[in-house]
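J.: Encoded as structure tokens, here's the structure I'll be asking about.
The values are calculated or read from the model by the stated rules, or taken from the named source; none is laboratory data. Note that the structure is predicted; figures quoted are calculated from it, not measured.
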Amino acid sequence: MAYTPPTLSDFRERHPAFAAVDDTIVEYWLNDALRFVDESWMERDYAQAIMAAAAHGMALAGYLSGPASLAVDGVTSFKSGSFSSSIDASVAQAASGGGWSATKYGREFQQLQRRNFAGPRLIRGTC
């Protein structure tokens with residue numbers, strides 16, 4: 001079976017937070033994500049990993065706005081009238097690093113990556 005890269009409509013369906021982002025920008029980031037995902041991945045994770053990597057890149061580049069851009073992870077308090085929120089220091093530190101852990105999309109990518117390339121496994125037996 002051939003690996004099938006995700007289409008623009010696949011991406012839009014999976015990540016509705018990017019609905020306002022121009023098609024050419026989404027296509028650019030989907031193509032850019034191919035630097036991180038190739039056919040050495042399990043076929044079932046291939047398209048999902050590409051979309052997660054693309055969404056991560058767009059989020060870091062500032063293509064999310066409004067409520068979608070707010071960091072929900074690590075919120076320790078929230079107030080609505082005259083908006084106020086507090087974010088856990090460890091979450092803020094991870095997000096400021098800019099790596100895969102900086103966005104929920106990057107963390108999704110890391111989870112898929114671990115599933116595909118977890119490293120050696122040791123199985124003990126008896127002699």
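J.: Consider region 42-57. How many of its residues are of a type outside the set (Gly, Ala, Ser) and within 16 Å of the chain's Cα centre (by Cα)?
T.: Qualifying residue count for the region: 6.
J.: Let me ask another. Kindly state which helices (runs of 4 or more DSSP H) lie completely within region 4-104 and contain at least 1 residues that are of a type in the set (Asp, Glu) and either at pLDDT below 85 or on the phi < 0 side of the Ramachandran plot (or both).
T.: Counting at least 1 such residues, we get 8-14, 23-32, 43-60.
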